[in-house]
1. From the Cα trace of the chain, what convex hull volume per residue do you get, rounded to a whole Å³?
2. Roughly to the nearest percent, how much of the accessible area of the chain is carbon and sulfur, given a 1.4 Å probe?
3. Modelling each spin label as a point 7 Å along the Cα-to-Cβ direction, I'd like the Arg116/Lys216 distance in nm, to one decimal.
4. Magnitude of the Cβ-charge dipole of the stretch 60-190, K/R +1 and D/E -1, about the Cα centre, nearest 20 debye?
5. Accessible area of Lys216, 1.4 Å probe, to the nearest 10 Å²?
6. Could you sort Ile9, Ile48 by accessible area so the largest value comes first, with the probe set to 1.4 Å?
7. Treat each spin label as a single point 7 Å out from the Cα along the C-beta direction, and report the Gln2 to Glu50 distance in nm.
8. Amide H to amide H under 5 Å from Val80: which residues, 5+ apart in sequence or cross-chain, H placed 1.01 Å off N in plane?
Amino acid sequence: DQNYIFTKIIHIIEKQKIDGVWIAGDIYDKAIPSREAVQLFDSFLTQISERNIPIFLISGNHDAAERIAFGAKLMHKSKVYVSPLFDGKIMPQLLKDEYGEIAIYMLPFIKPATVRPFWDIPIESYNDAVKTVIEHMEIQPNRRNVLIAHQFVTGAEKSESEDISVGGIDNIDVSILEGFDYVALGHIHKAQHIGRKTVRYCGTPLKYSFSEANHKKSVSIVTLKQKGDVIIEEVELTPKRDMCEIEGFY
């Protein structure tokens, strides 16, 4: 089923003449994925790379960051840009088009404990951690800036398959993302925007729990024109076999 939906995504990439692919974390469902999962994802990346399209991917909370980061420098030569292990510095990848530069910042899933060793300031919450990292990115406001991140932004609608922390301590506030023209978010399974249209979860390509039975899965196509002009289109993904929920009594 996942191979089928990957093929659908490849067709969308070709039909829409996509210039780049963003994958916002939770590549796998666990730190040590199955052999089949690794082989399938490798095939997917290879098919995109063969089309000479850059791919930007980060690790999520379900991934082992060090495993995802392995071979990042080698893959860079094939235009596969992978978030490295967090070292306190997030340097953007720069793309260019007729409107100028696009700076793409890749922020893997981070916790307060991930960030504390790099700054001697109080970092108690996830919001503190992400805010501190963004404040040290040295974002240039005159160019178009994109953030790929994997966090739970306050107000996002969860389904059963996402972890829920007691008290919402893992939340970050949407206001700390103001410096970006577009924010591509991973972590939440339902496609949705938070606060403004340009802070967006694309959602998962398939349904992974019964609470998602009524979701419409899609890919988000983002067109960045001159600064301040962002067009977002959703292209629905139709699965090989859909999920339905049947209730009964016995």
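The values are calculated or read from the model by the stated rules, or taken from the named source; none is laboratory data. All of these numbers come straight from a predicted model, not from anything done at the bench. So basically every Cβ, Gly included, is an ideal-geometry build from the backbone, and we count neighbours across all protein chains shown. The protein model used for the area step is the full one, side chains on, heavy atoms only, and it has no ligands, DNA or RNA in it. Shrake-Rupley method; radii C 1.70, N 1.55, O 1.52, S 1.80 Å.
1. Here the figure is 144 Å³ per residue.
2. 52 percent
3. Taking the two extended label points, one gets 4.5 nm.
4. Dipole about the Cα centre, nearest 20: 560 debye.
5. 140 Å²
6. Ranked from most to least accessible, the order is Ile9, Ile48.
7. 2.0 nm
8. Close amide H contacts, sequence-distant or interchain: Ile55.
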